[in-house]
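The structure appears right after this line, and notes come after that.
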Amino acid sequence: MKAYARRQMEIRKEMNEPEASTGSNSPLPVDRLTDWLNDNLPGFRGPLRVERFAGGQSNPTFRLDSASGSYVLRRKPTGNVLPAAHAVDREFRVLGAGGCAGVPVPHVHVLCMDPTVIGSMFYLMGRVPGRVFWDPRLSDMSVRDRGQIFGSMNRVIAAIHNLDPDLIGLGDFGPRQAYLTRQVTRWTKQYRSAETTTNEAMEQLIEWLPKHLPSEGELRVVHGNCRLDNVLIHPTEPRIVAVLDWELATLGDPIADFAYHAMTWRIPPALFRGLAGIDFVDLGIPDERQYLTQYVECRGVKVPENWDFYIVLSLFRIASILQGIAKRALDGTAANADAVDVGSRAAPLAALAWQMASRL
């Protein structure tokens with residue numbers, strides 16, 4: 001029975017289905033939420049059923065079913081959170097702009113900034129049927145489908161980076177200069193805020209990164225966290241139907257954003273959702289160079305110089321993010337039950353980053 005229960009949870013994650021929780025066990029205050037939706041969401045009709053989605057370490061996410069339809073609610077975590085993190089209001093704005101510009105994203109309905117309704121600010125978006133895959137090796141798929149999913153994902157992130165922020169109403173979505181400097185500063189501060197013990201590799205990276213910054217790149221909307229597990233795959237077809245989790249989106253260098261997406265190719269699968277060391281030909285997945293070439297061709301740009309610097313910066317970022325998860329696990333405010341295990345990956349990822357940096 002335990003094995004069966006585990007498999008049912010895995011299936012729910014793959015199909016983007018929530019864990020059931022209703023009635024007195026509802027994870028949200030249904031009465032207050034229903035009243036607010038009656039007043040603020042045009043066409044809304046109860047009664048309301050709330051269920052929390054399995055998986056995820058960032059903003060808690062819920063499925064809402066009602067007589068007027070199905071919705072997805074994203075909220076900021078309760079309790080103390082890291083500065084500038086979990087910005088669901090910014091996520092709401094960029095989803096709206098991206099959807100109007102043709103990026104595959106859910107339609108956003110309404111934003112609530114009042115924390116008294118459910119305990120923190122939140123927004124509602126439409127529910128897009130689709131599948132979520134956590135392991136980029138896509139072991140249950142055919143060779144053909146793997147290749148098509150990676151090709152679709154590559155084209156989607158290239159399309160995001162080809163958008164002109166000034167033309168889609170996001171010209172003021174973030175600072176327009178010194179993106180890489182701001183990234184190093186931000187993730188250093190985030191790491192310091194979440195530091196629980198000395199991590200020598202992080203200390204080395206904090207010293208090394210500012211001294212090796214490349215020149216400024218072009219200015220584009222950057223997603224900030226575009227990974228396989230942050231996109232929805234069509235229920236039956238090998239293509240992307242929605243890009244999710246835009247809370248880190250801002251204006252910045254698209255090459256840095258793509259490198260964060262592509263660092264998967266440098267991470268061993270046993271460490272953290274990686275592809276390093278797999279048989280790419282046998283699985284039908286493009287290797288890193290092929291994937292990078294496809295991206296620059298889609299964008300009409302050149303292969304970037306200092307590519308490895310961007311990978312090191314990306315690994316530094318993920319180590320800082322995972323350290324934040326580790327801190328939330330210690331504080332008891334983590335969004336997911338496996339936060340302790342996920343947070344423990346911060347140190348080995350930092351070590352991997354410093355290993356690469358020390359060879360450059």
- When you look at Ser152, is it modelled with pLDDT under 95 and buried (at least 16 other Cβ atoms within 10 Å of the Cβ), yes or no? no
- Message: Given the criteria farther than 27 Å from Arg273 by Cα, small (Gly, Ala, Ser) and in contact with a Cys (Cβ under 9 Å, 6 or more places away or on another chain), does Gly169 qualify?
- Response: yes
- Looking at region 130-244, what helices (runs of 4 or more DSSP H) fall wholly within it and have at least 2 residues that are touching an Asp or Glu at 6+ places or on another chain (Cβ under 7 Å)? 179-194
- Answer residue from region 285-323, given it is touching a residue at least 24 places away in the same chain (Cβ under 8 Å) and of a type in the set (D, E, K, R) and is most open to solvent (accessible area, probe 1.4 Å) among those: Glu305
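Being under 20 Å from the mean Cα position of the chain (by Cα) and farther than 21 Å from Tyr310 by Cβ is the requirement here; does Ile233 meet it?
yes
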- Message: Just to be sure before I move on: is Arg90 within 25 Å of Pro27 (Cα to Cα), in a helix (DSSP H, G or I) and either open to solvent by 60 Å² or more (accessible area, probe 1.4 Å) or free of Cβ contacts under 8 Å to residues at least 60 places away in the same chain (or both) in the structure I sent?
- Response: yes
- Task: Would you mind stating whether Pro269 is open to solvent by 30 Å² or more (accessible area, probe 1.4 Å) and either aromatic (Phe, Trp, Tyr) or in contact (Cβ under 8 Å) with a residue 12 or more places away in the chain (or both)?
- Result: yes
- Listed by range, helices (runs of 4 or more DSSP H) wholly within region 287-360 having at least 2 residues that are closer than 25 Å to Gln204 by Cα, at pLDDT 95 or above and among the aromatic types (Phe, Trp, Tyr) are 307-331
- Considering region 200-226, residues that are within 18 Å of Leu349 (Cβ to Cβ) and open to solvent by 20 Å² or more (accessible area, probe 1.4 Å), and then whichever is nearest to the chain's Cα centre (by Cα), we arrive at Ile206
- Item | region 24-34, subset open to solvent by less than 90 Å² (accessible area, probe 1.4 Å) and of a type outside the set (A, V, I, L, M), residue modelled with the highest pLDDT | Thr34
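Can you find a residue in region 253-270 that is closer than 26 Å to Gly169 by Cα and assigned to a loop (DSSP other than H, G, I, E, B)?
Taking every residue of region 253-270 in turn, at least one turns out to be closer than 26 Å to Gly169 by Cα and assigned to a loop (DSSP other than H, G, I, E, B).
The values are calculated or read from the model by the stated rules, or taken from the named source; none is laboratory data. Keep in mind that this is a model prediction, so the values were computed, not measured. Cβ atoms come from the backbone with ideal geometry, glycine included; neighbour counts cover every protein chain shown. Note: areas computed on protein heavy atoms with side chains; ligands, DNA, RNA excluded. Shrake-Rupley method; radii C 1.70, N 1.55, O 1.52, S 1.80 Å.
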